[in-house]
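J.: Here it is: the structure, laid out below.
The values are calculated or read from the model by the stated rules, or taken from the named source; none is laboratory data. Please read these numbers as outputs of a predicted model, since none were measured by experiment. Neighbour counts run over all protein chains shown; Cβ positions are idealised from the backbone, glycine included. Remember, those area values only see protein heavy atoms, side chains included, never the ligands or the DNA or RNA. Shrake-Rupley method; radii C 1.70, N 1.55, O 1.52, S 1.80 Å.
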Amino acid sequence: MKILTVVGARPQFIKAAAVSRALRREHTEILVHTGQHYDYNMSDIFFEELGIPKPDYNLGIAGGTHGKMTGAMLAAVEEVLMNEKPDWLLVYGDTNSTLAAALAAVKLHIPVCHVESGGRLGTLTNPEEVNRICTDHVSSLLLCCTASAVEFLRREGLTAGVHLTGDPMYDAFRYYGERLPADLLSGVEDIDGNPADIPERFYYLTCHREENTADGRSLREIMAAMDQLDAPTVYPVHPRNTERARRLRDENGFSRVLLTKPVGYLTSIALVKGAAKIVTDSGGLQREAFFAGKQCVTVFDYVVWPETMTGGVNRLAKPDAADILEKLEGPVIWNPAYQPFGDGHSSEKITKIISGEGAN
Ligand code: UD1
Ligand code: UDP
């Protein structure tokens, strides 16, 4: 079959790296990059490091309001779909690229396969929730990473085409995690392009959600918490935050927060494995912390991946320095035998289901 996959943002490149490898053994894949993420450290580095096939199309659409970005992608993906006439559209997660592609396909009667289906926070104030709900309701195959996602779909009356596959992020973590080059952390650059000099003991921070970046207050609280810890924090800054993070560091003297350029996936996994603890608002990073058995505090009002909260491995905190520090205290019980994200072979299951072989 001919599968047309649309990606656009950093976490989608990682998931596509895992799934494309399995998919291309059985099918022809056309890869479309919307252009949503475009800096070298947000896009090309993933294709190079992870050996992802070069996109057949790059639509060059990025930035602007949600409506403007999504609308432009909708029109551009529609044109590619009309040109390529695939048997399936394959999309990942919950970005504007996901929603635009799903809407374009369903109106052309091209069936949609949604990987990472069924995540729910329970609020439409989160832009990704809107993308997830709309995409799920126009998809023919709803492939879930966890049992809780299957249950969320059931509550919305979605049961046809729903499969529990496991999480391609876990596939990637297992596959690439076993192949990490030794000296990755020495290549990390600070936001000015100088060597970042990562210490032996460190904390790992990321922050990019709209909810935490709409004003400077949340990020100031998060950085203030990290600055008080017993070891420095490595903080690869999403480009939307670079100037704000620099200003907050300089104005408040947060000298223990090392601001670095965004890192490639392999370096990010090395940071996960090497960190004492992790603070994040990333959906992907909180799962990776769980995969590695690292204590994580997620600065967010909603539980994104309920399974990661088991044993206190992941805890929610308000964007408030005192709350973050309190939640970082633990206690934590991590049971390595409890692995709700699958067995590291979700990509093969996804491929089988698309091939019509894997009903469960
Ligand atoms: C998007 C996704 C979010 C996902 C995240 C992954 C939506 C609604 N959100 O959020 O679900 O968690 O990607 O990282 O789709 N920018 C650059 N260079 C880049 C990319 C972005 O400078 O390579 C800047 C642009 O000014 C852009 C801003 O960052 O306007 C935000 O980027 P955008 O893709 O809109 O949202 P993310 O926060 O990356
Ligand atoms: N990540 C990365 N470089 C960074 C920060 C994060 O490669 O500088 C990885 C991280 O390990 C995880 C993924 O990017 O695999 C998560 O993406 P992001 O936080 O951008 O999006 P989300 O998962 O929240 O949608």
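J.: Test of understanding: among 306, 319, which residue is under 19 Å from residue 224 (Cβ atoms) and within 22 Å of the chain's Cα centre (by Cα)?
T.: Values: 306 fails: under 19 Å from residue 224 (Cβ atoms).
Among 306, 319, only 319 is under 19 Å from residue 224 (Cβ atoms) and within 22 Å of the chain's Cα centre (by Cα).
J.: Would you say residue 181 is within 12 Å of ligand 2 (Cβ to nearest atom) and either free of Cβ contacts under 8 Å to residues at least 60 places away in the same chain or open to solvent by 50 Å² or more (accessible area, probe 1.4 Å) (or both)?
T.: On the way: within 12 Å of ligand 2 (Cβ to nearest atom): no; either free of Cβ contacts under 8 Å to residues at least 60 places away in the same chain or open to solvent by 50 Å² or more (accessible area, probe 1.4 Å) (or both): yes.
Spelling it out, it is not the case that residue 181 is within 12 Å of ligand 2 (Cβ to nearest atom) and either free of Cβ contacts under 8 Å to residues at least 60 places away in the same chain or open to solvent by 50 Å² or more (accessible area, probe 1.4 Å) (or both).
J.: State yes or no: is residue 171 at pLDDT below 95 and either buried (at least 20 other Cβ atoms within 10 Å of the Cβ) or outside any helix (DSSP H, G or I) (or both)? It would help to see each step written out before you state the result.
T.: Details: at pLDDT below 95: no; either buried (at least 20 other Cβ atoms within 10 Å of the Cβ) or outside any helix (DSSP H, G or I) (or both): yes.
Spelling it out, it is not the case that residue 171 is at pLDDT below 95 and either buried (at least 20 other Cβ atoms within 10 Å of the Cβ) or outside any helix (DSSP H, G or I) (or both).
J.: Looking only at residues in segment 5-50 that are more than 11 Å from ligand 1 (Cβ to nearest atom) and open to solvent by 30 Å² or more (accessible area, probe 1.4 Å), which one is nearest to residue 281 (Cα to Cα)?
T.: 49
J.: Now for a different question. Within segment 271-285, work out how many residues are surrounded by fewer than 24 Cβ atoms within 10 Å (Cβ to Cβ) and more than 8 Å from ligand 2 (Cβ to nearest atom).
T.: Residues in segment 271-285 being surrounded by fewer than 24 Cβ atoms within 10 Å (Cβ to Cβ) and more than 8 Å from ligand 2 (Cβ to nearest atom): 5 in total.
J.: Residues in segment 84-94 that are in contact with a helix residue (DSSP H, G or I) (Cβ under 8 Å, 6 or more places away or on another chain) and open to solvent by less than 20 Å² (accessible area, probe 1.4 Å): how many?
T.: To start, the set of residues in segment 84-94 that are in contact with a helix residue (DSSP H, G or I) (Cβ under 8 Å, 6 or more places away or on another chain) comprises 88-94.
Still in the running and open to solvent by less than 20 Å² (accessible area, probe 1.4 Å): 89-93.
Qualifying residue count for the region: 5.
J.: Among 159, 98, which is the only one that is in contact with a helix residue (DSSP H, G or I) (Cβ under 8 Å, 6 or more places away or on another chain), in contact (Cβ under 8 Å) with a residue 40 or more places away in the chain and either within 14 Å of ligand 1 (Cβ to nearest atom) or part of a loop (DSSP other than H, G, I, E, B) (or both)? Give the derivation first.
T.: On the way: 159 fails: in contact (Cβ under 8 Å) with a residue 40 or more places away in the chain.
Only one candidate passes the filter, namely 98.
J.: Quick one: is residue 110 crowded, with 22+ Cβ neighbours inside 10 Å, β-branched (Val, Ile, Thr) and within 24 Å of residue 145 (Cα to Cα)? Let's see the steps before the verdict.
T.: Details: crowded, with 22+ Cβ neighbours inside 10 Å: no; β-branched (Val, Ile, Thr): yes; within 24 Å of residue 145 (Cα to Cα): yes.
Judged against the criteria, residue 110 is not a match.
J.: Moving on to the next point. Working only within segment 184-215, note down all residues that are open to solvent by less than 70 Å² (accessible area, probe 1.4 Å), in a helix (DSSP H, G or I) and within 16 Å of ligand 1 (Cβ to nearest atom).
T.: To start, the set of residues in segment 184-215 that are open to solvent by less than 70 Å² (accessible area, probe 1.4 Å) comprises 184-185, 187-188, 190-191, 193, 196, 198-199, 202-209, 212-213.
From what is left, the residues that are in a helix (DSSP H, G or I) are 184-185, 187, 212-213.
Across segment 184-215, the qualifying residues are 212, 213.
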